[in-house]
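Undergrad: My structure is below; once you've seen it, I'll send some questions.
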Amino acid sequence: MTPDTSLMPAVAPASRARSRATGLRNIAFALGAIAVMAGGYALTQTVENPYVFFAAYIIIQYVALSTGWNVLGGYAGYINFGATAFYGAGAYTGAVLLKAFDASVFLCLPAAAAVGAVLGLLMGYMTLRVQGVYFAIATIALVVMAHTLVLNLEYLGGASGMALMAPEAPSWSGGQIQFMFLVMLGVAILSVVVARWIEISWVGRGFRALRASEDAAECAGVPTFKLKLSACAISGAILAMTGAPLVFYASFIEPETVFGLALALNAIAMPLIGGKKSWPGPIIGAILLGSVQQAATITISSELNILLVGVVLIGFVAVAPDGILGLLDRKGARK
């Protein structure tokens, strides 16, 4: 029997058009990432006020933090209250390497990512059959264990923390805070690149199957165990890498800061505000919430700042449960 080839000429051009469109989007994304990094460097050479870079570092850190959280909490659907456990592990990895070997931040970043990935794998393996609220409770326990461990290790400074002097910044960077701003900008861009790759690849399709129904995905032959471990490892690596430059930025690190409630709440709030289903969502949420917090820090206390985050989060959950991107999608569908 001869196959009907009448539709083949139409299918082939359509497939080529999709491939061409995908290629153009990838090129546009790559050029955008390069332009953002170049713009950040230009900023360090033209802006003299150091406070701009202190504030920008925090906002960009939030972009990486929210993106890392969203890999597990948004794409895979495993709500993670333990983001600070990974962030703190990365921060103390950087601090230990700086204290012991006077290591540069470029050595601390991959080391922290490796520590975060291993910690994520362990968490994923230990919570293999745990889902929903039980998984969320397990991640809280991870924060408590990490916090307690640091408090009882004298080498890590215990409750008093560690004060360390970072190596001198390269001459081309414009200064220490400008250099750390560029480092964090690179970390944020890398985290977004990874998140976008996940979203458009077969890995992202597997994560979406997990989010929809893990039991159904497993019955359909999806390797749920491997995907869960992958999500935990990738998310943990990004979160830990985000924390690694902290001691180079602040010259001080303490448990109450890196394992604190404010950081954990922000990590959850930002993807929820922007939207969890696509990579631009955490960026939008991080820039909006981070900017508001930096402006509010000048006038209100840190306790009121946490209250502000809580109020904003409740408002978005009530009005726009799918975040700003979801709200825009709904409005666009009505037209």
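The values are calculated or read from the model by the stated rules, or taken from the named source; none is laboratory data. Not measured: the values here are computed from a predicted model. Cβ: placed from backbone, ideal geometry, glycine included. Neighbour counts: every protein chain shown.
Undergrad: Checking the conditions here, which among 281, 260, 243, 310 is among the small types (Gly, Ala, Ser), over 13 Å from the mean Cα position of the chain (by Cα) and at pLDDT 85 or above?
TA: It is 260.
Undergrad: How many residues does the stretch 115-145 contain that are over 21 Å from residue 241 (Cβ atoms) and touching a Phe, Trp or Tyr at 6+ places or on another chain (Cβ under 6 Å)?
TA: The total comes to 4.
Undergrad: Condition test on residue 192, is it farther than 23 Å from residue 97 by Cα, of a type outside the set (Lys, Arg) and either in contact with a helix residue (DSSP H, G or I) (Cβ under 8 Å, 6 or more places away or on another chain) or not in a helix (DSSP H, G or I) (or both)?
TA: For residue 192, the condition - farther than 23 Å from residue 97 by Cα, of a type outside the set (Lys, Arg) and either in contact with a helix residue (DSSP H, G or I) (Cβ under 8 Å, 6 or more places away or on another chain) or not in a helix (DSSP H, G or I) (or both) - is met.
Undergrad: Among residues belonging to the stretch 119-128 that are in a helix (DSSP H, G or I) and without any contact (Cβ under 8 Å) to a residue 40 or more places away in the chain, point out the one that is surrounded by the most Cβ atoms within 10 Å (Cβ to Cβ).
TA: Selected residue: 122.
Undergrad: Take the residues of the stretch 158-174 that are in contact with a helix residue (DSSP H, G or I) (Cβ under 6 Å, 6 or more places away or on another chain) and part of a loop (DSSP other than H, G, I, E, B): which is surrounded by the most Cβ atoms within 10 Å (Cβ to Cβ)?
TA: 174
Undergrad: Filter the stretch 195-214 down to the residues that are within 30 Å of residue 34 (Cβ to Cβ) and not in a helix (DSSP H, G or I) and list them by number.
TA: 201 - this is the single residue of the stretch 195-214 that is within 30 Å of residue 34 (Cβ to Cβ) and not in a helix (DSSP H, G or I).
Undergrad: Look at the stretch 137-157 and say how many of its residues are assigned to a helix (DSSP H, G or I), free of Cβ contacts under 8 Å to residues at least 60 places away in the same chain and over 22 Å from the mean Cα position of the chain (by Cα).
TA: 4
Undergrad: Please go through (1) assigned to a helix (DSSP H, G or I); (2) in contact (Cβ under 8 Å) with a residue 40 or more places away in the chain for residue 134 and return the number of the only condition it doesn't satisfy.
TA: Here residue 134 clears every test but (2).
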